[in-house]
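The values are calculated or read from the model by the stated rules, or taken from the named source; none is laboratory data. All figures in this text were calculated on a predicted structure; none of them were measured in a lab. A quick note on method: Cβ atoms are made from the backbone with ideal geometry, for glycine too, and the neighbour counts reach across all protein chains shown. For accessibility, only protein heavy atoms count, side chains too; no ligands or nucleic acids. Shrake-Rupley method; radii C 1.70, N 1.55, O 1.52, S 1.80 Å.
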Amino acid sequence: MDKFLVRKSEPLKGQIRVSGAKNSCLALMAASLLTDDPLELDNAPDLVDVRTMTRVLANLGVEISRTASGGLNLDSSRARGLKAPYELVSKMRASYYVLGALATRRGKAEVSLPGGCAIGQRPIDLHLKGLAMLGAEISTSGGYIYLRANRLRGARINLSGRYGSSVGATVNIMLAAVLARGKSVLEDSAAEPEIEDLAHLLNSMGARVSGAGSPVLEIEGVSELSGARHTVIPDRIEAATFAVAAALTGGTVAITDCRPAHLGAVTCLLESLGVNIEKGETTLLVRGGTPLAPFRIKTEPYPGFPTDMQAQFCALATQAQGKSVIEENIFENRTLHVPELARFGADIRVDGRKIIVKGPCRLSSAPVMASDLRASAALILAALVAEGTSEINRIYHLDRGYEHLEVKLARLGAPILRVSE
Ligand code: UD1
(Lines give C-alpha, C1' and ligand atoms only; values in the text may rest on other atoms or scores of the structure.)
Protein backbone atom coordinates (compact mmCIF):
# COMPACT_ATOMS: atom_id res chain seq x y z
CA MET A 1 0.00 0.00 0.00
CA ASP A 2 1.37 3.44 -0.91
CA LYS A 3 1.81 6.27 1.56
CA PHE A 4 3.03 9.86 1.38
CA LEU A 5 5.88 11.41 3.32
CA VAL A 6 5.25 15.16 3.58
CA ARG A 7 7.61 17.74 5.06
CA LYS A 8 6.75 21.28 6.11
CA SER A 9 6.70 23.38 2.96
CA GLU A 10 7.99 26.76 1.92
CA PRO A 11 5.25 28.93 0.38
CA LEU A 12 4.06 27.12 -2.77
CA LYS A 13 4.97 28.90 -6.00
CA GLY A 14 4.28 28.28 -9.66
CA GLN A 15 1.61 27.27 -12.10
CA ILE A 16 -0.57 24.19 -12.08
CA ARG A 17 -3.09 22.78 -14.54
CA VAL A 18 -6.41 21.40 -13.31
CA SER A 19 -7.53 17.98 -14.61
CA GLY A 20 -10.96 17.00 -15.87
CA ALA A 21 -13.70 16.67 -13.26
CA LYS A 22 -14.02 13.19 -11.79
CA ASN A 23 -17.68 13.59 -10.86
CA SER A 24 -18.57 14.82 -14.32
CA CYS A 25 -16.59 12.19 -16.14
CA LEU A 26 -18.29 9.30 -14.29
CA ALA A 27 -21.77 10.51 -15.30
CA LEU A 28 -20.69 11.25 -18.89
CA MET A 29 -19.22 7.77 -19.24
CA ALA A 30 -22.55 6.20 -18.20
CA ALA A 31 -24.24 8.17 -21.01
CA SER A 32 -22.36 5.99 -23.51
CA LEU A 33 -24.93 3.26 -22.76
CA LEU A 34 -27.62 5.43 -24.37
CA THR A 35 -26.35 5.08 -27.94
CA ASP A 36 -24.82 2.54 -30.32
CA ASP A 37 -22.60 5.27 -31.76
CA PRO A 38 -19.15 6.02 -30.37
CA LEU A 39 -18.75 8.65 -27.68
CA GLU A 40 -15.48 10.51 -27.25
CA LEU A 41 -14.72 12.28 -23.99
CA ASP A 42 -11.73 14.62 -24.04
CA ASN A 43 -9.98 15.71 -20.83
CA ALA A 44 -11.00 12.50 -19.01
CA PRO A 45 -8.87 12.30 -15.85
CA ASP A 46 -6.73 9.22 -15.23
CA LEU A 47 -8.11 8.24 -11.83
CA VAL A 48 -8.94 5.03 -10.00
CA ASP A 49 -12.66 5.94 -10.02
CA VAL A 50 -12.59 6.45 -13.79
CA ARG A 51 -10.85 3.07 -14.15
CA THR A 52 -13.52 1.49 -11.93
CA MET A 53 -16.28 2.99 -14.12
CA THR A 54 -14.40 1.64 -17.14
CA ARG A 55 -14.59 -1.84 -15.60
CA VAL A 56 -18.30 -1.44 -14.77
CA LEU A 57 -19.05 -0.49 -18.38
CA ALA A 58 -16.68 -3.09 -19.85
CA ASN A 59 -18.53 -5.68 -17.79
CA LEU A 60 -21.69 -4.63 -19.66
CA GLY A 61 -19.88 -5.02 -22.98
CA VAL A 62 -18.86 -1.41 -23.66
CA GLU A 63 -15.55 -1.18 -25.53
CA ILE A 64 -13.39 1.56 -24.04
CA SER A 65 -9.97 2.84 -24.98
CA ARG A 66 -7.78 5.81 -24.10
CA THR A 67 -6.97 8.29 -26.86
CA ALA A 68 -3.44 9.61 -27.34
CA SER A 69 -4.58 13.03 -26.09
CA GLY A 70 -5.90 11.80 -22.73
CA GLY A 71 -9.50 11.21 -23.75
CA LEU A 72 -11.73 8.17 -23.64
CA ASN A 73 -13.46 6.42 -26.54
CA LEU A 74 -16.56 4.50 -25.55
CA ASP A 75 -18.43 2.19 -27.92
CA SER A 76 -21.62 0.53 -26.65
CA SER A 77 -22.70 -0.96 -29.98
CA ARG A 78 -22.09 -4.49 -28.69
CA ALA A 79 -23.00 -3.89 -25.03
CA ARG A 80 -25.75 -6.30 -24.01
CA GLY A 81 -24.85 -6.86 -20.33
CA LEU A 82 -27.33 -5.87 -17.64
CA LYS A 83 -25.45 -6.36 -14.40
CA ALA A 84 -23.26 -4.12 -12.21
CA PRO A 85 -21.85 -6.57 -9.67
CA TYR A 86 -21.17 -6.01 -6.00
CA GLU A 87 -17.36 -6.25 -6.46
CA LEU A 88 -17.43 -3.09 -8.59
CA VAL A 89 -20.29 -1.09 -7.06
CA SER A 90 -18.78 -1.58 -3.60
CA LYS A 91 -15.56 0.04 -4.88
CA MET A 92 -17.35 3.10 -6.18
CA ARG A 93 -20.93 4.23 -5.57
CA ALA A 94 -21.28 6.13 -8.84
CA SER A 95 -21.31 2.73 -10.59
CA TYR A 96 -25.07 2.92 -9.98
CA TYR A 97 -25.34 5.49 -12.80
CA VAL A 98 -25.73 2.52 -15.13
CA LEU A 99 -29.14 1.89 -13.55
CA GLY A 100 -30.88 4.87 -15.20
CA ALA A 101 -29.21 4.26 -18.55
CA LEU A 102 -29.98 0.51 -18.61
CA ALA A 103 -33.56 1.13 -17.48
CA THR A 104 -34.29 3.35 -20.43
CA ARG A 105 -32.16 1.58 -23.07
CA ARG A 106 -32.59 -2.10 -22.19
CA GLY A 107 -35.65 -2.15 -19.91
CA LYS A 108 -33.76 -4.38 -17.53
CA ALA A 109 -30.96 -3.99 -14.98
CA GLU A 110 -29.40 -5.74 -12.03
CA VAL A 111 -27.26 -3.43 -9.95
CA SER A 112 -25.73 -4.08 -6.55
CA LEU A 113 -26.98 -1.85 -3.73
CA PRO A 114 -24.09 0.51 -2.95
CA GLY A 115 -24.38 0.44 0.84
CA GLY A 116 -23.00 3.12 3.18
CA CYS A 117 -19.50 4.54 3.29
CA ALA A 118 -17.12 6.43 5.55
CA ILE A 119 -19.01 9.71 5.18
CA GLY A 120 -22.48 8.46 6.03
CA GLN A 121 -25.37 6.15 5.26
CA ARG A 122 -26.02 7.49 1.76
CA PRO A 123 -29.43 6.08 0.87
CA ILE A 124 -30.59 5.80 -2.77
CA ASP A 125 -34.32 6.25 -2.19
CA LEU A 126 -34.51 9.27 -4.53
CA HIS A 127 -32.91 7.33 -7.40
CA LEU A 128 -35.41 4.50 -6.99
CA LYS A 129 -38.38 6.83 -6.49
CA GLY A 130 -37.56 8.69 -9.69
CA LEU A 131 -37.12 5.55 -11.79
CA ALA A 132 -40.37 4.10 -10.40
CA MET A 133 -42.18 7.32 -11.34
CA LEU A 134 -40.88 6.92 -14.89
CA GLY A 135 -42.56 3.51 -14.92
CA ALA A 136 -39.83 1.08 -13.87
CA GLU A 137 -40.69 -1.87 -11.63
CA ILE A 138 -38.07 -2.17 -8.96
CA SER A 139 -37.41 -4.83 -6.35
CA THR A 140 -34.44 -5.53 -4.14
CA SER A 141 -33.20 -8.84 -2.88
CA GLY A 142 -29.89 -10.38 -1.92
CA GLY A 143 -28.21 -6.97 -1.94
CA TYR A 144 -29.22 -6.26 -5.54
CA ILE A 145 -31.67 -3.90 -7.22
CA TYR A 146 -33.69 -5.66 -9.95
CA LEU A 147 -35.31 -3.34 -12.45
CA ARG A 148 -37.76 -4.13 -15.25
CA ALA A 149 -39.43 -1.63 -17.56
CA ASN A 150 -41.19 -1.26 -20.86
CA ARG A 151 -40.48 2.06 -22.52
CA LEU A 152 -40.31 4.60 -19.69
CA ARG A 153 -42.85 7.45 -19.62
CA GLY A 154 -41.99 11.04 -18.75
CA ALA A 155 -43.20 12.26 -15.36
CA ARG A 156 -43.04 15.19 -12.96
CA ILE A 157 -40.61 14.13 -10.22
CA ASN A 158 -39.54 15.98 -7.10
CA LEU A 159 -35.97 15.04 -6.25
CA SER A 160 -35.62 16.83 -2.96
CA GLY A 161 -34.45 14.70 -0.06
CA ARG A 162 -33.73 15.24 3.62
CA TYR A 163 -30.49 17.01 2.80
CA GLY A 164 -31.69 18.94 -0.23
CA SER A 165 -31.09 18.00 -3.85
CA SER A 166 -29.17 14.90 -4.88
CA VAL A 167 -26.48 15.00 -7.55
CA GLY A 168 -26.52 11.24 -8.07
CA ALA A 169 -30.31 10.93 -8.29
CA THR A 170 -30.46 13.85 -10.75
CA VAL A 171 -27.86 12.14 -12.97
CA ASN A 172 -29.62 8.78 -12.85
CA ILE A 173 -33.05 10.23 -13.66
CA MET A 174 -31.69 12.45 -16.44
CA LEU A 175 -30.04 9.42 -18.04
CA ALA A 176 -33.34 7.56 -17.88
CA ALA A 177 -35.67 10.41 -18.90
CA VAL A 178 -33.85 11.43 -22.11
CA LEU A 179 -35.14 8.30 -23.88
CA ALA A 180 -38.54 8.12 -22.13
CA ARG A 181 -41.76 8.76 -24.01
CA GLY A 182 -42.96 12.32 -23.39
CA LYS A 183 -41.87 15.10 -21.10
CA SER A 184 -40.26 14.87 -17.66
CA VAL A 185 -39.92 17.71 -15.19
CA LEU A 186 -37.35 17.20 -12.44
CA GLU A 187 -38.08 19.60 -9.59
CA ASP A 188 -35.52 20.38 -6.89
CA SER A 189 -32.93 18.74 -9.06
CA ALA A 190 -29.24 19.35 -8.41
CA ALA A 191 -27.76 22.44 -10.09
CA GLU A 192 -24.09 21.42 -9.84
CA PRO A 193 -21.82 22.22 -12.82
CA GLU A 194 -21.44 18.46 -13.34
CA ILE A 195 -25.19 18.26 -14.04
CA GLU A 196 -24.86 21.06 -16.58
CA ASP A 197 -21.97 19.22 -18.19
CA LEU A 198 -24.07 16.07 -18.49
CA ALA A 199 -26.94 18.08 -19.98
CA HIS A 200 -24.55 19.56 -22.57
CA LEU A 201 -23.32 16.12 -23.57
CA LEU A 202 -26.83 14.65 -23.74
CA ASN A 203 -28.02 17.57 -25.88
CA SER A 204 -25.12 17.12 -28.25
CA MET A 205 -26.20 13.47 -28.54
CA GLY A 206 -29.65 14.69 -29.62
CA ALA A 207 -31.46 14.85 -26.27
CA ARG A 208 -33.74 17.74 -25.34
CA VAL A 209 -32.76 18.85 -21.85
CA SER A 210 -33.32 22.41 -20.67
CA GLY A 211 -32.93 24.22 -17.36
CA ALA A 212 -29.58 22.65 -16.41
CA GLY A 213 -27.88 24.75 -13.76
CA SER A 214 -31.26 25.63 -12.22
CA PRO A 215 -33.37 23.54 -9.80
CA VAL A 216 -35.90 22.60 -12.49
CA LEU A 217 -34.87 20.40 -15.39
CA GLU A 218 -37.20 19.80 -18.30
CA ILE A 219 -36.56 16.83 -20.52
CA GLU A 220 -38.49 16.04 -23.71
CA GLY A 221 -37.87 12.36 -24.37
CA VAL A 222 -36.53 11.37 -27.81
CA SER A 223 -36.54 7.92 -29.42
CA GLU A 224 -32.82 7.63 -30.01
CA LEU A 225 -29.51 9.33 -29.36
CA SER A 226 -26.38 9.52 -31.47
CA GLY A 227 -22.67 9.66 -30.66
CA ALA A 228 -20.84 12.85 -29.74
CA ARG A 229 -17.49 14.31 -28.84
CA HIS A 230 -17.37 16.29 -25.62
CA THR A 231 -14.77 17.84 -23.33
CA VAL A 232 -15.10 17.10 -19.60
CA ILE A 233 -15.25 20.30 -17.51
CA PRO A 234 -12.32 21.08 -15.18
CA ASP A 235 -12.46 19.65 -11.66
CA ARG A 236 -13.65 22.46 -9.39
CA ILE A 237 -12.72 20.57 -6.23
CA GLU A 238 -9.16 20.00 -7.42
CA ALA A 239 -8.84 23.70 -8.34
CA ALA A 240 -10.24 24.73 -4.94
CA THR A 241 -7.83 22.38 -3.16
CA PHE A 242 -4.86 24.07 -4.89
CA ALA A 243 -6.26 27.46 -3.91
CA VAL A 244 -6.37 26.35 -0.27
CA ALA A 245 -2.82 24.96 -0.56
CA ALA A 246 -1.60 28.36 -1.78
CA ALA A 247 -3.47 30.21 0.99
CA LEU A 248 -2.29 27.82 3.70
CA THR A 249 1.40 27.99 2.82
CA GLY A 250 1.30 31.73 2.08
CA GLY A 251 2.29 31.01 -1.50
CA THR A 252 1.45 32.36 -4.94
CA VAL A 253 -0.06 29.84 -7.32
CA ALA A 254 -1.53 30.28 -10.79
CA ILE A 255 -4.21 27.66 -11.34
CA THR A 256 -4.87 27.16 -15.04
CA ASP A 257 -7.49 25.34 -17.15
CA CYS A 258 -10.13 25.83 -14.47
CA ARG A 259 -13.54 27.55 -14.41
CA PRO A 260 -13.51 30.27 -11.73
CA ALA A 261 -17.25 30.69 -12.44
CA HIS A 262 -17.79 27.27 -10.76
CA LEU A 263 -15.76 28.27 -7.70
CA GLY A 264 -17.70 31.28 -6.44
CA ALA A 265 -18.44 30.05 -2.91
CA VAL A 266 -14.82 29.02 -2.35
CA THR A 267 -13.09 32.06 -3.83
CA CYS A 268 -15.50 34.44 -2.08
CA LEU A 269 -14.68 32.83 1.25
CA LEU A 270 -10.92 32.86 0.62
CA GLU A 271 -11.08 36.56 -0.31
CA SER A 272 -12.98 37.31 2.89
CA LEU A 273 -10.16 35.62 4.85
CA GLY A 274 -7.57 37.96 3.31
CA VAL A 275 -6.37 35.85 0.39
CA ASN A 276 -5.78 37.79 -2.81
CA ILE A 277 -7.43 36.23 -5.85
CA GLU A 278 -7.30 37.33 -9.47
CA LYS A 279 -9.84 35.62 -11.67
CA GLY A 280 -9.54 35.16 -15.40
CA GLU A 281 -11.88 33.23 -17.68
CA THR A 282 -10.00 29.96 -17.11
CA THR A 283 -7.35 30.90 -14.54
CA LEU A 284 -7.09 31.80 -10.90
CA LEU A 285 -4.09 33.53 -9.40
CA VAL A 286 -4.07 32.90 -5.66
CA ARG A 287 -1.75 34.90 -3.39
CA GLY A 288 -1.59 34.04 0.30
CA GLY A 289 0.76 35.50 2.86
CA THR A 290 -1.42 37.83 4.90
CA PRO A 291 -2.77 36.50 8.22
CA LEU A 292 -5.96 34.49 7.66
CA ALA A 293 -9.19 35.64 9.32
CA PRO A 294 -11.30 32.97 11.09
CA PHE A 295 -14.58 32.05 9.38
CA ARG A 296 -18.02 30.43 9.69
CA ILE A 297 -19.34 28.33 6.82
CA LYS A 298 -21.93 25.67 6.21
CA THR A 299 -21.93 23.14 3.42
CA GLU A 300 -24.84 23.30 0.98
CA PRO A 301 -25.78 22.08 -2.48
CA TYR A 302 -24.32 24.17 -5.34
CA PRO A 303 -23.97 27.15 -5.58
CA GLY A 304 -23.44 26.98 -1.80
CA PHE A 305 -20.18 25.95 -0.17
CA PRO A 306 -19.31 22.39 -1.33
CA THR A 307 -19.14 19.53 1.15
CA ASP A 308 -16.22 18.23 -0.91
CA MET A 309 -14.15 21.22 0.34
CA GLN A 310 -15.18 20.99 3.99
CA ALA A 311 -12.20 18.90 5.16
CA GLN A 312 -9.64 21.06 3.31
CA PHE A 313 -11.05 24.20 4.97
CA CYS A 314 -10.75 22.48 8.36
CA ALA A 315 -7.01 22.23 7.63
CA LEU A 316 -6.96 25.90 6.61
CA ALA A 317 -8.82 26.93 9.78
CA THR A 318 -5.96 25.59 11.93
CA GLN A 319 -3.90 28.58 10.66
CA ALA A 320 -6.64 31.26 10.93
CA GLN A 321 -6.39 33.91 13.65
CA GLY A 322 -9.22 32.75 15.91
CA LYS A 323 -12.19 30.40 16.12
CA SER A 324 -13.74 29.01 12.94
CA VAL A 325 -17.00 27.09 12.77
CA ILE A 326 -17.65 24.74 9.86
CA GLU A 327 -21.09 23.15 9.63
CA GLU A 328 -21.56 19.96 7.61
CA ASN A 329 -25.11 19.79 6.30
CA ILE A 330 -24.86 17.22 3.50
CA PHE A 331 -23.23 14.09 4.97
CA GLU A 332 -23.80 13.24 8.61
CA ASN A 333 -20.50 11.42 9.28
CA ARG A 334 -18.15 13.56 7.29
CA THR A 335 -15.91 14.28 10.28
CA LEU A 336 -13.44 11.39 10.33
CA HIS A 337 -10.61 13.78 9.39
CA VAL A 338 -11.16 15.70 12.64
CA PRO A 339 -9.37 13.27 14.99
CA GLU A 340 -6.63 12.85 12.39
CA LEU A 341 -6.08 16.64 12.19
CA ALA A 342 -5.96 16.65 16.00
CA ARG A 343 -3.00 14.24 15.75
CA PHE A 344 -1.02 17.12 14.17
CA GLY A 345 -1.83 19.15 17.29
CA ALA A 346 -4.79 21.04 15.82
CA ASP A 347 -7.31 22.44 18.31
CA ILE A 348 -10.34 20.93 16.60
CA ARG A 349 -13.50 19.20 17.78
CA VAL A 350 -16.89 18.05 16.55
CA ASP A 351 -20.04 19.46 18.12
CA GLY A 352 -23.10 17.93 16.46
CA ARG A 353 -23.05 19.03 12.83
CA LYS A 354 -20.38 21.63 13.57
CA ILE A 355 -16.63 21.36 13.51
CA ILE A 356 -14.95 23.95 15.70
CA VAL A 357 -11.34 24.87 15.01
CA LYS A 358 -9.25 27.28 17.07
CA GLY A 359 -6.29 28.81 15.29
CA PRO A 360 -3.60 29.70 14.74
CA CYS A 361 -2.08 26.44 15.84
CA ARG A 362 1.53 25.27 15.58
CA LEU A 363 1.14 21.89 13.95
CA SER A 364 3.75 19.19 14.29
CA SER A 365 4.27 16.12 12.14
CA ALA A 366 2.41 12.87 12.83
CA PRO A 367 1.52 9.61 11.17
CA VAL A 368 -2.12 9.88 10.09
CA MET A 369 -4.66 7.83 8.19
CA ALA A 370 -6.88 9.05 5.35
CA SER A 371 -10.53 8.02 5.79
CA ASP A 372 -11.96 9.21 2.47
CA LEU A 373 -11.03 11.06 -0.67
CA ARG A 374 -11.33 14.68 0.46
CA ALA A 375 -10.07 13.89 3.97
CA SER A 376 -6.85 12.66 2.35
CA ALA A 377 -6.36 16.06 0.73
CA ALA A 378 -6.98 17.80 4.07
CA LEU A 379 -4.31 15.72 5.79
CA ILE A 380 -1.76 16.51 3.07
CA LEU A 381 -2.57 20.21 3.38
CA ALA A 382 -2.11 20.12 7.16
CA ALA A 383 1.16 18.21 6.76
CA LEU A 384 2.46 21.02 4.50
CA VAL A 385 2.36 23.40 7.50
CA ALA A 386 3.34 20.91 10.23
CA GLU A 387 6.92 20.93 11.61
CA GLY A 388 8.81 17.78 10.62
CA THR A 389 7.93 14.89 8.33
CA SER A 390 4.40 13.48 8.39
CA GLU A 391 3.31 10.12 7.14
CA ILE A 392 -0.07 9.96 5.38
CA ASN A 393 -1.38 6.40 5.17
CA ARG A 394 -4.21 4.86 3.12
CA ILE A 395 -3.75 7.30 0.27
CA TYR A 396 -5.57 4.98 -2.11
CA HIS A 397 -8.57 7.17 -1.27
CA LEU A 398 -6.73 10.12 -2.78
CA ASP A 399 -5.88 8.24 -5.97
CA ARG A 400 -9.62 7.72 -6.53
CA GLY A 401 -10.19 11.40 -7.20
CA TYR A 402 -7.06 13.57 -7.54
CA GLU A 403 -4.95 13.08 -10.64
CA HIS A 404 -1.25 12.92 -9.65
CA LEU A 405 -1.80 15.32 -6.75
CA GLU A 406 1.65 14.71 -5.26
CA VAL A 407 3.37 15.34 -8.60
CA LYS A 408 1.46 18.59 -9.06
CA LEU A 409 2.16 19.76 -5.49
CA ALA A 410 5.85 18.84 -5.84
CA ARG A 411 5.99 21.01 -8.98
CA LEU A 412 4.89 23.93 -6.79
CA GLY A 413 7.74 23.18 -4.39
CA ALA A 414 5.97 20.98 -1.83
CA PRO A 415 8.27 18.37 -0.24
CA ILE A 416 6.02 15.35 -0.80
CA LEU A 417 7.08 11.84 -1.69
CA ARG A 418 5.06 8.74 -2.56
CA VAL A 419 6.48 5.61 -0.95
CA SER A 420 5.35 2.14 -2.06
CA GLU A 421 5.46 -0.58 0.53
C1 UD1 B 1 -22.10 13.58 -5.28
C2 UD1 B 1 -20.61 13.65 -5.52
C3 UD1 B 1 -19.86 13.85 -4.20
C4 UD1 B 1 -20.43 15.05 -3.45
C5 UD1 B 1 -21.96 14.97 -3.34
C6 UD1 B 1 -22.57 16.23 -2.75
C7 UD1 B 1 -20.34 12.25 -7.46
C8 UD1 B 1 -19.84 10.98 -8.04
N9 UD1 B 1 -20.18 12.41 -6.15
O10 UD1 B 1 -22.34 12.44 -4.47
O11 UD1 B 1 -18.48 14.07 -4.50
O12 UD1 B 1 -19.88 15.08 -2.16
O13 UD1 B 1 -22.54 14.77 -4.63
O14 UD1 B 1 -22.20 17.34 -3.50
O15 UD1 B 1 -20.79 13.12 -8.17
N16 UD1 B 1 -29.49 11.36 -0.51
C17 UD1 B 1 -30.66 10.78 -0.08
N18 UD1 B 1 -31.32 9.93 -0.95
C19 UD1 B 1 -30.84 9.65 -2.19
C20 UD1 B 1 -29.66 10.25 -2.63
C21 UD1 B 1 -28.99 11.12 -1.75
O22 UD1 B 1 -31.11 11.02 1.04
O23 UD1 B 1 -31.47 8.86 -2.92
C24 UD1 B 1 -28.76 12.27 0.40
C25 UD1 B 1 -27.33 11.85 0.63
O26 UD1 B 1 -27.22 10.87 1.64
C27 UD1 B 1 -26.70 13.17 1.04
C28 UD1 B 1 -27.45 14.17 0.16
O29 UD1 B 1 -28.66 13.53 -0.23
O30 UD1 B 1 -27.00 13.43 2.39
C31 UD1 B 1 -26.71 14.61 -1.07
O32 UD1 B 1 -26.22 13.44 -1.73
P33 UD1 B 1 -25.96 13.37 -3.28
O34 UD1 B 1 -26.00 14.74 -3.87
O35 UD1 B 1 -26.84 12.32 -3.86
O36 UD1 B 1 -24.46 12.83 -3.33
P37 UD1 B 1 -23.82 11.84 -4.36
O38 UD1 B 1 -24.47 11.98 -5.69
O39 UD1 B 1 -23.70 10.49 -3.76
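Of note:
- Most positive-pole-ward Cα, SER19, LEU152, LEU273, against dipole of the chain from beta carbon charges: LEU152
- Protein accessible area in segment 22-231, 1.4 Å probe - carbon and sulfur %: 45
- Net dipole in debye of segment 22-231 [+1 Lys, Arg Cβ; -1 Asp, Glu Cβ; about Cα centre; nearest 20]: 680
- Descending principal axes extents, segment 22-231, alpha-carbon based, whole Å: 42, 36, 32
- Alpha-carbon centroid distance for the pair segment 350-421 / segment 30-106, whole angstrom: 31
- Stretching the chain fully between ARG181 and GLU391 yields a gain of 70.1 nm (0.36 nm per residue, less the alpha carbon separation).
- Residue by residue, segment 8-16 carries 3J(HN,Hα) couplings of 4, 9, 6, x, 5, 9, x, 10, 9 Hz when phi is fed to the Karplus relation 6.51 cos²θ - 1.76 cosθ + 1.60 (θ = phi - 60°); x denotes Gly or Pro.
- R0 of 35 Å, Cβ-Cβ distance ASP347-ARG51: FRET efficiency to nearest 0.05: 0.35
- Each of TYR396, TYR144, TYR302 has its accessible area taken with a 1.4 Å probe; listed largest first, they run TYR396, TYR302, TYR144.
- Which listed pairs, of LYS3/LYS354; LYS279/LYS358; LYS22/LYS91; LYS8/LYS358; LYS22/LYS408; LYS298/LYS323, have C-alpha distances above 26 Å, in listed order: LYS3/LYS354; LYS279/LYS358
- Phi to ³J(HN,Hα) by Karplus 6.51 cos²θ - 1.76 cosθ + 1.60 over segment 336-350, Hz, x for Gly, Pro: 5, 6, 5, x, 6, 5, 5, 5, 7, x, 5, 8, 9, 8, 9
- Summing Cβ point charges (Lys, Arg +1; Asp, Glu -1) relative to the Cα centre of the chain gives a dipole of roughly 560 debye.
- Label-to-label distance, ASP125 versus ASP42, with points set 7 angstrom from Cα along the beta-carbon direction: 4.3 nm.
- Most fluctuating residue given options GLY213, GLY143, GLY345, as computed from a GNM of the chain linking Cα atoms under 10 Å: GLY143
- Its DSSP H runs of at least 4 residues, each contributing -39,500 (n - 2.57), put the calculated 222 nm mean residue ellipticity of the chain at -9000 deg cm²/dmol, to the nearest 500.
- Computed from the alpha carbon atoms alone, the convex hull of the chain holds 122 Å³ per residue.
- Between GLU110 and TYR146, the simple spin-label model (points 7 angstrom out along Cα→Cβ) gives 0.9 nm.
- For the chain, built as a Gaussian network whose Cα springs stay under 10 Å, the top-fluctuating residue of VAL222, VAL50, VAL338: VAL222
- Calculated FRET efficiency, ASN333 to THR231, Cβ-Cβ distance, R0 = 35 Å: about 0.50 to the nearest 0.05.
- If you plug the beta carbon distance of LYS279 and VAL222 into 1/(1 + (r/R0)^6) with R0 = 41 Å, you get a FRET efficiency near 0.65.
- Extension gain for the segment ARG156 to VAL407, taken as residue separation times 0.36 nm less the Cα-Cα distance, is 85.7 nm to one decimal.
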